[in-house]
Amino acid sequence: MRRNHERVTGMNNSSFAQTRRQVLGLGLVLAGAAAINVVPGFQLLASAQAAVPATAQKIADRFSSVKSMSGEFVQFGPKGEQTGGKFFLERPGKIRFNYDGASNFRVISDGQSVVILNKRLNTSDLYPLSKTPLKLLLDNRIDLSGGRVKSVKEENDLTTIQLADKSVFGNSKITMMFDPKSYELRQWTITDAQGKDTTVMIFNVKEGVSFAADTFAIDYTANRELNTKSR
């Protein structure tokens with residue numbers, strides 16, 4: 001998985017021509033009820049009662065301690081499509097992805113809901129944050145208890161933690177990859193209901209940043225109007 005995305009090529013804005021349903025297949029928001037696929041080579045945890053591995057907890061605590069960050073991202077879709085842009089994160093629960101390209105595509109979470117906006121197509125979709133994989137990334141403290149940790153893999157250049165929580169997003173999973181020395185998040189992969197992977201790599205990250213008050217704002221009135229028009 002990681003090795004498929006080690007080389008970042010030029011951005012292809014034409015990938016935004018895909019349908020809205022395909023875009024939602026990014027896995028950033030939607031989750032399904034597919035059986036959890038285990039990545040070969042991972043150390044499986046025997047049961048939901050298994051102790052949280054010390055390495056995993058240290059990494060989670062370090063990542064949780066970062067209350068705000070911003071940077072750039074490259075996203076790889078299930079069919080190899082590649083897009084990118086900038087992201088902004090603030091705990092608890094807030095994140096924004098500004099995608100490059102003519103679609104002016106946005107994914108915004110305000111701590112309660114997640115909205116997916118395509119201004120070019122004039123579409124808007126709203127979801128509860130609590131039912132998306134993003135919730136596990138954005139909590140004030142990343143909770144690894146209750147059998148959420150499904151596997152851990154430690155390598156010299158990467159530590160990989162695979163999480164799943166049926167109460168949050170069914171049998172989908174999120175695989176987070178960290179620098180083993182600094183514990184900084186490098187990328188994550190979300191597997192959807194059909195077992196398709198979407199990977200987001202982040203870089204040029206700055207921590208402890210401040211944002212304008214409206215960075216994570218969602219216009220619920222506009223969202224209702226757009227949904228009404230689409231019916």
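The values are calculated or read from the model by the stated rules, or taken from the named source; none is laboratory data. What you are looking at is a predicted structure, and each value in this text was computed from that prediction instead of being measured. Using ideal geometry, Cβ is built from the backbone for each residue, glycine included, and neighbour counts are taken over all protein chains shown.
Laid out as a table, the results:
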item	result
Those residues of segment 118-131 which are more than 16 Å from the chain's Cα centre (by Cα) and not in a strand (DSSP E or B), in sequence order	LYS119, ARG120, LEU121, ASN122
Matching residues in segment 138-152 - criterion: being closer than 25 Å to SER70 by Cβ and either touching a Gly at 6+ places or on another chain (Cβ under 7 Å) or surrounded by 16 or more Cβ atoms within 10 Å (Cβ to Cβ) (or both)	LEU138, ILE142
Residues located in segment 60-113, provided they are over 17 Å from LEU138 (Cα atoms) and of a type in the set (Phe, Trp, Tyr)	PHE76, TYR99, PHE105
Subset of segment 122-137 that is free of Cβ contacts under 8 Å to residues at least 60 places away in the same chain and touching a Ser or Thr at 6+ places or on another chain (Cβ under 7 Å) - its residue that is surrounded by the most Cβ atoms within 10 Å (Cβ to Cβ)	LEU129
Which listed residue, of VAL115, VAL52, VAL107, VAL29, is modelled with pLDDT under 90, surrounded by 16 or more Cβ atoms within 10 Å (Cβ to Cβ) and under 18 Å from the mean Cα position of the chain (by Cα)	VAL29
Residue count for segment 200-230, restricted to those that are surrounded by 15 or more Cβ atoms within 10 Å (Cβ to Cβ), farther than 20 Å from SER182 by Cβ and modelled with pLDDT of 85 or more	3
Breaking point among (1) in contact (Cβ under 8 Å) with a residue 12 or more places away in the chain; (2) on the phi < 0 side of the Ramachandran plot, for GLY93	(2)
Single residue of segment 160-192 satisfying the filter (in a loop (DSSP other than H, G, I, E, B), modelled with pLDDT of 90 or more and of a type in the set (Ser, Thr, Tyr)) that is farthest from the chain's Cα centre (by Cα)	SER182
